[in-house]
Ligand SMILES: Cc1ncc(COP(=O)(O)O)c(C=O)c1O
């Protein structure tokens, strides 16, 4: 029997301590998030303090808030700190395993409150469309501009056509270009519709770079915003999984509180049942460790590096989107993004595509320095030259 076949058989006898060695070997074989070549994901290496919090609380069950009272306190403190940051200190909230669970849960809470239709820009994250499918909610698509920002007038036009209650879902930190939808403009045009903001990426960056960027408001300071999500494992520099979902309306929060009679607390929060408290402890630790000042320093530097990358890409003949947040889509007017992407990946660059614009997506997280950007752009220029040369020769 080949080694591969053998590895798939349930072992008759355990390998015991040897598994520790095996794990070391296996982990050497793939890159880690936060590796300097990891330029696509909106993720970085976790802060050591956040990793420690994750490890310490890994064996605490956030589903049992009666027994795990410390974990419950960390949850309530984290919700309060984020509510304070995002314009609603009274916000209620739950911990999730990330942006897609937050989208699913927020839409569920809204559907239960009577909003069965979702007006959403074409550029919303794929997990939004998936959530609507799971929940059997009807989707109505609004247009976006050339940088994938929602067109507010289109939201109004689409919302007018919808019969029955509808919610508007907007994004603060688009997955492909990083732009923030103009939530206030949408609210002004459609004042009666509740708005849920998917700020999975931008929620913990935008509030900290206001000294360098003039960004649109997107949070509870806008009347129509009833719920907002953000991820620890993106800009909160935590390990995976870590997400938060905040509600500005008590009735929506109540829709994600469920009975759990056999456990001490009698109530449980979120769509999942058993889950680790590591997800919230890690974000709590990042926030306590960095504070506003630390986040400002971290993401101001990312913006500076992103601006440096933008200028250099322009000077090398590329056509990047302007990095509103530290994320951009790099296009070339003559070369297909997909070909650039695969060649760069073969060279070891862990980059993603921005399919809506036909380019390559990079995210400038804290581990990406100017030196990494220079090395990346040097390779990109080389790859572009090779593609051009091969098309001339063929
Ligand atoms: C805007 C946005 N929302 C939601 C998600 C899904 O988040 P997760 O992968 O943590 O479930 C992503 C992922 O990149 C995202 O960019």
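Where the centroid of each part is defined by its Cα atoms, how far is the stretch 173-187 from the stretch 237-281 in Å?
Going from one Cα centre to the other spans 27 Å.
Could you rank the peptides 236-249, 310-323 by their average count of other C-beta atoms within 10 Å per residue, with the highest value first?
The densest-packed peptide leads the list: 236-249, 310-323.
Given a cut-off of under 8 Å on Cα pairs at least six residues apart, what relative contact order in percent is computed for the chain?
Relative contact order of the chain: 22 percent.
Sum -39500 (n - 2.57) across every DSSP H segment of at least 4 residues in the chain, then divide by the residue count to get the 222 nm mean residue ellipticity, nearest 500.
Result for the chain: -13000 deg cm²/dmol, rounded to the nearest 500.
Sticking with the crude label model, points 7 Å out along Cα→Cβ, report the distance from residue 161 to residue 15 in nm, one decimal please.
5.7 nm
Mind grabbing the base-10 log of I(q)/I(0) for the stretch 161-292 at q = 0.09, 0.11, 0.16 Å⁻¹? Debye formula, identical points on the C-alpha positions, no solvent, two decimal places.
So the normalised log intensities work out to -0.32, -0.48, -0.94.
Report the paramagnetic label zone for residue 90: residues of the stretch 231-257 whose backbone N is under 16 Å from a point 7 Å from Cα along the Cα-to-Cβ axis.
247-254
Please list log₁₀ I(q)/I(0) at q = 0.12, 0.21 Å⁻¹ for the stretch 293-393, using the Debye equation with identical point scatterers on the alpha-carbon positions.
For the stretch 293-393, the Cα-only Debye profile gives -0.37, -1.07.
I'd like to know how the stretch 1-128 sits against the 2.2 N^0.38 Å rule of thumb: what's its Cα Rg over that expected value?
Here the Cα radius of gyration is 1.52 times the empirical estimate.
Per residue and in Å³, how big is the convex hull formed by the alpha-carbon atoms of the chain?
Considering the Cα atoms of the chain, their hull volume per residue is 182 Å³.
In whole Å, what is the distance between the alpha-carbon centres of the stretch 115-158 and the stretch 206-236?
First find each Cα centre; the distance between them is then 19 Å.
To check you understand DSSP bridge types, tell me what percent of the beta bridges within the stretch 174-312 (both residues inside) are antiparallel, rounded to 5.
Counting DSSP beta bridges with both partners in the stretch 174-312, the antiparallel share is about 70 percent.
If you average the alpha carbon positions of the stretch 293-359 and of the stretch 1-59, how far apart do those two centres end up, in angstrom?
Each part's Cα centre sits 29 Å from the other's.
Only bridges with both residues in the chain count here: give the DSSP antiparallel percent, nearest 5.
Restricted to the chain, the bridges split so that about 60 percent are antiparallel.
Any read-out appearing in this document is the output of simple, stated calculations on the displayed coordinates, not a laboratory observation. Note that the structure is a prediction, hence the values are computed from the model and not measured. Here the Cβ is made from the backbone with ideal geometry for all residues, glycine too, and neighbour counts use every protein chain on show.
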